[in-house]
Amino acid sequence: MSQLKLIVGLGNPGQQYVETRHNAGFWFVALIADQFNIELAADKKFNGLTGRGRIFDTDVRLLLPMTFMNKSGQSVVPMAKYYDIKPQELLIAHDELDIPAGSIKLKTGGGHGGHNGLRDITPHLGNDFHRLRIGIGHPGHKSKVSGHVLSKPSPDDQIAIEAALEAAMDSLKLMVTGDIEKARSQINGFKLPNN
């Protein structure tokens, strides 16, 4: 069982994107930083906001790339390589069109699924890392995807996404300490109370 050494949240930098669906990965890492009093500070070497702290007695680094989504690899790859972090020690949290708001899935490996952030990372690190897929729902047609991910969730969807993120936080100890299978079972079984 490999403990996590790096947790990355994918998103876009800039105030205008803070509340948009594409920043769901940022939201998850921000929750971790807040709960464990880890300060995220600009780090030019890795083109992002980074922090380091003890999470359930494990030394973990946090990263929010400040490169824009489609260039996420320019932040994640140098940091993973600099600290010699293996794919199985890496968790990347990102928004996921293919599952509805209020759903959340933990998976290891697989393709990038059309996600531009993952698409920029996998050629350099392979795809054996863990992904926390935060459902944001699909707008119904691919022509609407860009507007969908770069807009704010509806109030109901926001509540649903926040509930899913809290469920992921409930499984954080399992993920960090390396019990990915148990974490996957918990997270993938999460259902909103009214579903």
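Whenever a residue of region 48-64 is more than 16 Å from residue 77 (Cβ to Cβ) and assigned to a strand (DSSP E or B), its partners that are open to solvent by 40 Å² or more (accessible area, probe 1.4 Å) and of a type in the set (Asp, Glu), lying with C-beta atoms within less than 6 angstrom and at least six residues away or across chains, give the pairs 51/39.
State all residues of region 52-66 that are under 15 Å from the mean Cα position of the chain (by Cα) and either over 14 Å from residue 26 (Cα atoms) or open to solvent by 10 Å² or more (accessible area, probe 1.4 Å) (or both); if no residue qualifies, say none. Working first, answer last.
So the first thing to find is which residues in region 52-66 are under 15 Å from the mean Cα position of the chain (by Cα), and the list is 60-66.
Selection gives 60, 61, 64, 66.
The set of residues in region 67-97 that are open to solvent by 10 Å² or more (accessible area, probe 1.4 Å) and either assigned to a strand (DSSP E or B) or in contact (Cβ under 8 Å) with a residue 60 or more places away in the chain (or both) comprises 83, 85, 86, 88, 89, 96. Contact map, region 136-151: first residue of a type in the set (D, E, K, R), second residue in a loop (DSSP other than H, G, I, E, B) and open to solvent by 30 Å² or more (accessible area, probe 1.4 Å), Cβ cut-off under 9 Å, separation 6 or more or different chains; pairs are 144/138. Sub-7 Å Cβ pairs linking a first residue in region 18-29 that is of a type in the set (A, V, I, L, M, F, W, C) to a second residue that is assigned to a loop (DSSP other than H, G, I, E, B) and open to solvent by less than 30 Å² (accessible area, probe 1.4 Å), at least 6 apart or interchain, are 24/136; 26/11, ordered by first then second residue. Comparison of 110, 114, 147 shows that the only residue that is in a helix (DSSP H, G or I), exposed (fewer than 15 other Cβ atoms within 10 Å of the Cβ) and of a type outside the set (Asp, Glu) is 147.
Select from region 1-27 the residues that are charged (D, E, K, R) and farther than 11 Å from residue 62 by Cα and list them in ascending order.
Residues satisfying the conditions are 19, 21.
Go through region 6-28 residue by residue and tally those that are under 13 Å from residue 75 (Cα atoms), of a type in the set (A, V, I, L, M, F, W, C) and in contact with an Asp or Glu (Cβ under 9 Å, 6 or more places away or on another chain).
Restricting attention to region 6-28, the residues satisfying the condition of being under 13 Å from residue 75 (Cα atoms) are 6-13.
From what's left, of a type in the set (A, V, I, L, M, F, W, C): 6-8, 10.
When the remaining residues are screened for being in contact with an Asp or Glu (Cβ under 9 Å, 6 or more places away or on another chain), the result is 6, 10.
The total comes to 2.
Within the option set 160, 183, 168, being open to solvent by less than 50 Å² (accessible area, probe 1.4 Å), small (Gly, Ala, Ser) and either farther than 24 Å from residue 54 by Cβ or in a loop (DSSP other than H, G, I, E, B) (or both) holds for one residue only, 160. Looking only at residues of region 31-44 that are within 9 Å of residue 62 (Cα to Cα) and in a helix (DSSP H, G or I), we find that the one that is farthest from the chain's Cα centre (by Cα) is 33.
Looking at region 146-162, is at least one residue among the β-branched types (Val, Ile, Thr) and more than 30 Å from residue 16 (Cα to Cα)? Within region 146-162, none of the residues are among the β-branched types (Val, Ile, Thr) and more than 30 Å from residue 16 (Cα to Cα). Within region 10-53, the residues that satisfy the criterion of being in contact with a His (Cβ under 8 Å, 6 or more places away or on another chain) and not aliphatic (A, V, I, L, M) are 11, 12, 21, 25.
Please work out if residue 23 is at positive phi and polar (S, T, N, Q).
On the way: at positive phi: no; polar (S, T, N, Q): yes.
For residue 23, the condition - at positive phi and polar (S, T, N, Q) - is not met.
Among the candidates 21, 52, single out the residue that is at pLDDT 95 or above and more than 30 Å from residue 139 (Cβ to Cβ).
Values: 21 fails: more than 30 Å from residue 139 (Cβ to Cβ).
Among 21, 52, only 52 is at pLDDT 95 or above and more than 30 Å from residue 139 (Cβ to Cβ).
Of everything in region 117-137, what is over 14 Å from residue 25 (Cβ atoms), surrounded by 16 or more Cβ atoms within 10 Å (Cβ to Cβ) and not aliphatic (A, V, I, L, M)? Give them in sequence order. Working first, answer last.
Going residue by residue through region 117-137, those that are over 14 Å from residue 25 (Cβ atoms) are 119, 122-128, 137.
From what's left, surrounded by 16 or more Cβ atoms within 10 Å (Cβ to Cβ): 119, 122, 125, 137.
Residues satisfying the conditions are 119, 122, 137.
The values are calculated or read from the model by the stated rules, or taken from the named source; none is laboratory data. The shown structure was predicted, so the numbers you read here are calculated from the model rather than taken from an experiment. Positions of Cβ are generated from backbone atoms using ideal geometry, with glycine treated the same way; all protein chains shown enter the neighbour counts. Accessible surface is based on the protein model in full, side chains and every heavy atom, while ligands, DNA and RNA are left aside. Shrake-Rupley method; radii C 1.70, N 1.55, O 1.52, S 1.80 Å.
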